[in-house]
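Reviewing the structure listed below.
The values are calculated or read from the model by the stated rules, or taken from the named source; none is laboratory data. Because the structure is a prediction, the values reported are computed rather than measured. Here the Cβ positions follow ideal geometry from the backbone for every residue, glycine too, while neighbour counts run over all protein chains shown. Note: accessible area is taken over every heavy atom of the protein model, side chains too, but ligands, DNA and RNA are not part of it. Shrake-Rupley method; radii C 1.70, N 1.55, O 1.52, S 1.80 Å.
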Amino acid sequence: MTPVRHYALVCGALLVLLLLTVGAAYVNLGPFNVAAAMLISLMKAALILLFFMHVRQAGPVLRLFVFIGFFWLALLISLSLSDFLTRGVPDKSTADQRPSTSGETKPPAP
Amino acid sequence: MSHPSDSTAPPFTSFSQQREAATLGMWGFLGMEVLFFGPMFLGYIVFRINFPDAFMTASRHTLILAGGVNTALLLISSFTMALAVRSANLLEDSAKVVRSLLVTLLLGGAFVGIKCFEYSHEIHEGLLPGASFHLDGADPQQAQMFFYLYFLMTGMHLLHVIIGLGLIAVFILRAKLTVRKERFSIAMEQLGLYWHFVDLVWVFLFPLIYLGGRAA
Amino acid sequence: MSISTPQAEMQPPLEGPDYLHEHSVRSWLLTTDHKRIGILYLVSITLFFLIGGVAVTMMRMELLTPQGDLFASSTYNKLFTMHGVIMVWFFLIPSVPSVLGNFLLPMMLGARDVAFPRLNLLSWYLFMAGAALALWAIIHGGVDTGWTFYTPYSSTYANGHVIAMVMGVFIAGFGSIITGLNFIVTTHKLRAPGLIWFRLPLFVWSLYATSIILVLATPVLAITLVLVALERAFGIGIFNPAIGGDPLLFQHLFWFYSHPAVYIMILPGMGVTSEIIACFARKQVFGYRIVAYASIAIAVLGFLVWGHHMFVSSQSIYAGMIFSLLSFLVSIPSAIKVFNWTATLYRGSIWFQTPLLYALGFLGLFTIGGLTGLFLAALAVDVHLTDTYFVVAHFHYIMVGGMVMAYLGGLHFWWPKITGKLYPEWPAKLSALFIFGGFNLTFFPQFILGYLGMPRRYHIYAPEFQTLNVLSSAGASILAVGYLLPLVYLLWSLRYGRDAGPNPWQATGLEWTTASPPPEENFTIAPVVTEDPYNYHPTEEAADA
């Protein structure tokens with residue numbers, strides 16, 4: 001059985017990370033603000049999962065179960081973003097042939 | 001030590017089998033929950049990419065102090081929940097379990113109170129999406145999208161907190177009444193996992209909602 | 001006949017009452033027995049199948065002529081929505097998993113029940129509550145969005161009870177999630193001694209793969225439908241382009257569920273087919289491990305292909321190419337299964353009983369459905385075929401030709417176990433032939449119609465399409481007879497059927513070692529598994545032995 005002291009240490013670490021993430025948000029890091037915030041969140045999540053939720057003591061099947069939920073979410077997000085991030089990237093071969101004004105000439109209906 | 005009526009639930013034949021099955025089922029359920037919250041996070045990511053400036057401006061209108069205090073409350077409540085689960089697993093005197101659960105209940109209740117205060121503040125400021133929505137310094141439509149997601153995601157999280165508090169209340173009664181300690185400890189472990197998961201969701205919600213655009 | 005070795009010793013003859021001995025309504029509505037819950041599902045989904053069938057009967061009648069003679073456009077829209085919603089969520093998804101799966105999974109594992117029996121009952125109540133809400137929406141004016149609920153039409157413009165309908169699907173969805181969780185935990189924790197993973201029947205593997213999808217895909221649909229309902233109720237949401245939202249986000253989320261859901265509607269059918277083919281070819285399944293892995297592979301790969309439903313939406317071309325490529329991957333495990341079933345039949349001692357007829361029908365129709373799926377996964381071809389009858393024909397070949405055939409095959413195969421009675425063989429064979437013939441006559445013309453450009457979801461069409469539509473409607477009436485026949489003779493067999501005995505097919509699974517119908521606790525002596533599955537010995541070998 002995990003000693004109470006361990007749980008207290010984890011809780012303390014979580015609170016320190018909370019202060020750290022709030023502090024980091026007020027320093028202008030440009031695009032790295034989000035990265036820092038997410039990194040700290042991942043660390044907090046890891047602490048909660050490993051110690052509070054006992055994944056550290058878990059067997060392989062249980063670890064697989066833990067992993068799969070997050071992995072599937074990653075699939076959902078990354079494959080969806082493969083659309084959202086590549087929209088409106090101009091395709092040169094067709095862009096050149098398109099009429100420059102949209103006034104009179106309408107593209108044929110799909 | 002074990003009470004005679006403290007037997008496994010059918011169809012299980014041993015406590016260890018029942019415990020493993022319950023934990024496996026709970027993790028399956030939590031995997032399901034990840035994908036229940038997931039689409040809202042995807043929506044947040046997509047619209048933050050589409051409307052970066054409005055999201056930063058809107059984010060600054062959230063109450064960071066309230067959000068920060070709430071994060072701390074949830075984290076500490078996870079700690080007290082872990083203690084409750086530990087006491088139950090040691091088959092200790094139920095008073096210890098009840099005490100830890102009561103503290104958890106109070107911390108969670110405080111979270112709900114602060115969240116409601118935030119909501120009322122935001123509604124008062126005209127940040128509730130709808131006809132009366134207004135926010136200076138950003139495209140109102142885009143900022144409205146931020147606050148729609150804000151109310152949606154924190155609202156869905158709050159619903160989970162409230163369900164958790166209801167369960168904790170039930171478990172306090174159960175801890176006081178039950179003589180079937182082994183079976184109770186199995187159930188307590190699942191309650192703990194659920195409560196930590198609610199905490200986990202908030203750990204990601206907090207920076208996305210409250211911390212954007214603070215440095216600018 | 002040939003010899004077979006069951007996976008465990010036969011149980012002693014049953015002396016006490018079987019699981020059906022109680023008859024009160026209360027004993028059914030409060031049961032936690034997985035077998036009785038399976039039967040509750042059987043009765044409910046049969047009812048929904050009839051309701052969905054009535055809707056499509058009216059549609060096929062309307063489509064006999066190119067003009068709109070029977071219904072207004074809005075009525076026709078409501079009919080196909082009703083058909084789609086009921087057949088997908090209230091018939092196909094629960095068909096094999098919730099009926100046959102509930103009944104058989106614990107028995108195949110040598111267990112007394114599923115891991116969480118009370119949750120199992122709750123899942124049926126959630127299913128029925130969801131169905132009641134959906135039926136309420138249909139009775140009070142219906143919904144005309146199609147089963148896909150595309151935004152912004154569903155969230156902003158559609159008339160009718162969209163909110164009630166999507167909430168009905170939402171509630172029923174949690175029923176499937178619970179069933180999936182239950183199956184997963186049961187398979188992990190309640191296998192009989194000696195029943196290692198690679199001794200599990202392939203039906204169990206396919207149920208496990210299905211459960212993965214049920215648990216991981218359904219929540220995405222659930223929250224998406226909540227978002228649609230909120231958007232409709234308050235006019236604000238992330239799917240409404242008028243206020244900066246993105247309707248394609250809905251399509252991504254919807255198909256993240258609904259494409260894997262197609263595999264919910266075929267994987268369990270594949271499992272049933274594996275069982276039937278092994279039994280009636282009296283042979284081990286060719287490449288057992290590969291078939292088992294293929295089930296898992298289909299479940300996983302099925303999550304990576306949803307964008308092929310969106311090729312002609314404004315999805316980026318780049319994403320379209322990725323999804324097209326990934327879609328072709330799914331054909332690999334599916335093809336492996338088809339080849340392995342064929343190889344199992346090869347040089348088997350084939351025993352032409354009704355279940356095998358259904359399984360062979362499955363094999364042929366699924367192959368056509370799967371191959372036409374490849375046409376649709378190809379980007380350029382899909383641009384021409386999107387939203388035509390080609391798509392309708394394709395997915396009916398999978399979902400009706402595949403899954404309903406397998407469901408009926410499984411129902412015949414395990415009917416003696418469920419009820420203790422044998423069904424009459426000749427009407428059963430006749431119904432299998434009616435369904436196979438009627439199905440092809442109904443849906444093959446639709447491939448041609450689609451290729452020629454007839455769009456789906458219209459009831460007024462160009463006159464040159466009439467001949468093929470009449471053929472299709474004629475086929476549908478044969479199909480209807482084929483579906484009604486089992487309803488008659490299966491009910492007839494309850495009273496007049498011959499007693500089946502514990503193992504009428506000389507099959508090898510654990511479920512056949514116990515009495516028919518089984519006792520409430522399934523096995524009077526806890527089974528110990530000593531054999532691999534499908535230990536059939538073809539006649540020649542048996543003669544040698």
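From the set of residues in region B:46-65 that are part of a helix (DSSP H, G or I) and closer than 16 Å to residue B:153 by Cβ, which is most open to solvent (accessible area, probe 1.4 Å)?
B:48
Could you list, in sequence order, the residues of region B:175-188 that are surrounded by fewer than 20 Cβ atoms within 10 Å (Cβ to Cβ), of a type in the set (D, E, K, R) and assigned to a helix (DSSP H, G or I)?
B:176, B:182 - these are the residues of region B:175-188 that are surrounded by fewer than 20 Cβ atoms within 10 Å (Cβ to Cβ), of a type in the set (D, E, K, R) and assigned to a helix (DSSP H, G or I).
Among C:195, C:230, which is of a type in the set (A, V, I, L, M) and more than 14 Å from chain B (Cβ to nearest Cβ)?
C:195
Residue C:96 passes all but one of (1) open to solvent by less than 10 Å² (accessible area, probe 1.4 Å); (2) not in a helix (DSSP H, G or I); which number fails?
Status for residue C:96: all satisfied but (2).
How many residues are away from chain C (no Cβ under 12 Å) and among the aromatic types (Phe, Trp, Tyr) if we restrict to region B:151-189?
Step one: filter region B:151-189 for residues away from chain C (no Cβ under 12 Å), giving B:154, B:157-158, B:160-189.
Add one more test, that the residue is among the aromatic types (Phe, Trp, Tyr), and what stays is B:171, B:184.
Within region B:151-189, residues that are away from chain C (no Cβ under 12 Å) and among the aromatic types (Phe, Trp, Tyr) number 2.
Among the residues of region C:257-270, is there at least one that is within 11 Å of chain A (Cβ to nearest Cβ) and modelled with pLDDT of 95 or more? Walk me through how you get there before you give the answer.
Taking region C:257-270 first, the residues within 11 Å of chain A (Cβ to nearest Cβ) are C:257, C:260.
Subsequent filtering for residues that are modelled with pLDDT of 95 or more retains C:257, C:260.
Scanning region C:257-270, I find at least one residue that is within 11 Å of chain A (Cβ to nearest Cβ) and modelled with pLDDT of 95 or more, so the answer is yes.
Output the residues belonging to region C:332-370 that are of a type outside the set (A, V, I, L, M, F, W, C) and closer than 23 Å to residue C:447 by Cα. Walk me through it before giving the result.
Of the residues in region C:332-370, the ones of a type outside the set (A, V, I, L, M, F, W, C) are C:333-334, C:337, C:340, C:342, C:344, C:346-349, C:353-355, C:358, C:361, C:364, C:367, C:369-370.
Across region C:332-370, the qualifying residues are C:334, C:358, C:361, C:364, C:367, C:369, C:370.
State the number of residues belonging to region C:42-93 that are over 21 Å from residue C:391 (Cβ atoms) and not in a helix (DSSP H, G or I).
Adding up the residues that qualify gives 8.
Given the criterion at pLDDT below 90 and either on the phi > 0 side of the Ramachandran plot or open to solvent by less than 60 Å² (accessible area, probe 1.4 Å) (or both), identify the matching residue among B:127, B:107, B:91.
Working: B:127 fails: at pLDDT below 90; B:107 fails: at pLDDT below 90.
Every option except B:91 fails the conditions.
Is at least one residue of region C:403-410 surrounded by 19 or more Cβ atoms within 10 Å (Cβ to Cβ) and in contact with an Asp or Glu (Cβ under 6 Å, 6 or more places away or on another chain)?
Step one: filter region C:403-410 for residues surrounded by 19 or more Cβ atoms within 10 Å (Cβ to Cβ), giving C:403-410.
Now drop any that are not in contact with an Asp or Glu (Cβ under 6 Å, 6 or more places away or on another chain), which leaves none.
There is no residue in region C:403-410 that is surrounded by 19 or more Cβ atoms within 10 Å (Cβ to Cβ) and in contact with an Asp or Glu (Cβ under 6 Å, 6 or more places away or on another chain).
Quick check on region B:25-60: of everything there that is aromatic (Phe, Trp, Tyr) and closer than 22 Å to residue B:200 by Cα, which residue is farthest from the other protein chains (Cβ to nearest Cβ)?
Checking each candidate, the answer is B:44.
Take the residues of region B:69-127 that are charged (D, E, K, R) and outside any helix (DSSP H, G or I): which is nearest to residue B:193 (Cα to Cα)?
Restricting to residues being charged (D, E, K, R) and outside any helix (DSSP H, G or I), the top hit is B:92.
Return the only residue of C:109, C:100 being in contact (Cβ under 8 Å) with a residue 12 or more places away in the chain and more than 22 Å from residue C:261 (Cβ to Cβ).
The conditions single out C:109.
Considering only region A:1-56, state which residues are basic (Lys, Arg) and either within 7 Å of another protein chain (Cβ to nearest Cβ) or open to solvent by less than 50 Å² (accessible area, probe 1.4 Å) (or both).
A:44
Can you confirm whether region C:320-333 contains a residue that is touching a Ser or Thr at 6+ places or on another chain (Cβ under 9 Å) and more than 14 Å from chain A (Cβ to nearest Cβ)?
yes
State whether the residues of region C:202-209 include one that is touching a helix residue (DSSP H, G or I) at 6+ places or on another chain (Cβ under 8 Å), farther than 21 Å from residue A:68 by Cβ and surrounded by 24 or more Cβ atoms within 10 Å (Cβ to Cβ). Can you show your working first?
Initial filter on region C:202-209 (touching a helix residue (DSSP H, G or I) at 6+ places or on another chain (Cβ under 8 Å)): C:202-209.
Then drop every residue that is not farther than 21 Å from residue A:68 by Cβ, which leaves C:202-203.
So of that shortlist, the ones also surrounded by 24 or more Cβ atoms within 10 Å (Cβ to Cβ) come out as C:202-203.
Yes - at least one qualifying residue is present in region C:202-209.
Results for (1) farther than 30 Å from residue C:452 by Cβ; (2) free of Cβ contacts under 8 Å to residues at least 24 places away in the same chain; (3) aromatic (Phe, Trp, Tyr), shown as yes or no for each residue.
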residue: C:331; (1), (2), (3): no, no, no
residue: C:357; (1), (2), (3): yes, no, no
residue: C:369; (1), (2), (3): no, no, no
residue: C:382; (1), (2), (3): no, no, no
residue: C:397; (1), (2), (3): no, no, yes
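Give region B:198-215 a look and list any residue that's at the interface with chain A (Cβ under 7 Å from one of its Cβ atoms) and part of a loop (DSSP other than H, G, I, E, B), or say none.
Of everything in region B:198-215, those that are at the interface with chain A (Cβ under 7 Å from one of its Cβ atoms) and part of a loop (DSSP other than H, G, I, E, B) turn out to be B:211, B:214, B:215.
Do you know which of the residues in region A:75-88 that are facing chain B (nearest Cβ under 9 Å) and open to solvent by less than 60 Å² (accessible area, probe 1.4 Å) is farthest from residue C:181 (Cα to Cα)? Full working, then the answer.
Filtering region A:75-88 down to residues facing chain B (nearest Cβ under 9 Å) leaves A:76-77, A:80-81, A:84-85.
Now narrow it down to the ones that are open to solvent by less than 60 Å² (accessible area, probe 1.4 Å): A:76-77, A:80-81, A:84.
On the way: A:76: 21, A:77: 24, A:80: 26, A:81: 29, A:84: 32 Å.
Across region A:75-88, the extreme among qualifying residues is A:84.
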